[in-house]
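Step one of this worksheet: look at the structure below.
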Amino acid sequence: ERAKETAQIAAALGREFSLEVLAAVSPLGPVAVQEDLDRLMTAGLVLRKRRLKDPVAVFKHALVRDSAYESLSRGAKQKVHARIAHTLEERFAEVTRTRPDLLALHYAAAEQKQQAVGYALKAAQQALHRSTYTEAMAHASNVVDWAGELPSSESVAAALTANGVLAHARMATRG
């Protein structure tokens, strides 16, 4: 059923998702996506959150989101995450600028580690500037994990940069 496909894409976006981003990512178009969301809301699976800017919806329960996401095959998950990442880059510059962690997550899930590393490094450095050291360490650790899948020269550069962030964050938190 078409509503299931919309639910799967929404699930790849997360438990809470932007209706604008969902419509942009879906191959169905905004009218069909809204019809599917109406069906999902009528069924009690998805709730709309009232917000003035950037309306969002949320899966009623995390298990509903997990079920929709897990019903995707591995290859389908990779394709959906790649489509989400490309759409965010092309049409949502503000998200790309302010939430590089989201792009890192989607590129990593799409098995596009080179792009994931770039965005994770940005996220780590932003977190370091905000003094959210635990977050910075998490992003930098992801870079170290993913760097092994890059060509050797890029791998070394990414790992060195990430280790620099880790060192700074650890000194700030542990002295």
Please work out which one of (1) among the hydroxyl-bearing types (Ser, Thr, Tyr); (2) in contact with a Lys or Arg (Cβ under 9 Å, 6 or more places away or on another chain); (3) in a loop (DSSP other than H, G, I, E, B) is the condition residue 131 fails and give its number. (2)
Exception for residue 18 within (1) within 15 Å of the chain's Cα centre (by Cα); (2) at pLDDT 95 or above falls at (2)
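Quick test for you: out of 27, 55, pick the one residue that is loosely packed, with under 14 Cβ neighbours inside 10 Å and under 22 Å from residue 99 (Cα atoms). Working first, answer last.
Numbers: 27 fails: under 22 Å from residue 99 (Cα atoms).
From the options 27, 55, the qualifying one is 55.
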Quick check on region 58-87: of everything there that is charged (D, E, K, R) and open to solvent by 70 Å² or more (accessible area, probe 1.4 Å), which residue is farthest from residue 108 (Cα to Cα)? 60
Determine, yes or no, whether residue 3 is surrounded by fewer than 19 Cβ atoms within 10 Å (Cβ to Cβ), more than 21 Å from residue 105 (Cβ to Cβ) and touching a helix residue (DSSP H, G or I) at 6+ places or on another chain (Cβ under 8 Å). no
Which of the residues belonging to region 139-166 are open to solvent by less than 50 Å² (accessible area, probe 1.4 Å), hydrophobic (A, V, I, L, M, F, W, C) and either at pLDDT 95 or above or in a helix (DSSP H, G or I) (or both)? 140, 143, 146, 147, 158, 159, 162, 165, 166
Filter result (in a helix (DSSP H, G or I), among the polar types (S, T, N, Q), without any contact (Cβ under 8 Å) to a residue 60 or more places away in the chain and within 21 Å of residue 81 (Cβ to Cβ)) within region 1-57: 6
In region 58-85, what residues are in contact with a Leu (Cβ under 6 Å, 6 or more places away or on another chain) and either free of Cβ contacts under 8 Å to residues at least 12 places away in the same chain or among the hydrophobic types (A, V, I, L, M, F, W, C) (or both)? 58, 64, 85
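The values are calculated or read from the model by the stated rules, or taken from the named source; none is laboratory data. The structure presented is a predicted model; accordingly, all values stated were derived computationally and were not measured. Neighbour counts are summed over all protein chains in view; Cβ atoms, including those assigned to glycine, are modelled from backbone coordinates with ideal geometry. Areas reflect the complete protein model, heavy atoms only, side chains present, ligands, DNA and RNA absent. Shrake-Rupley method; radii C 1.70, N 1.55, O 1.52, S 1.80 Å.
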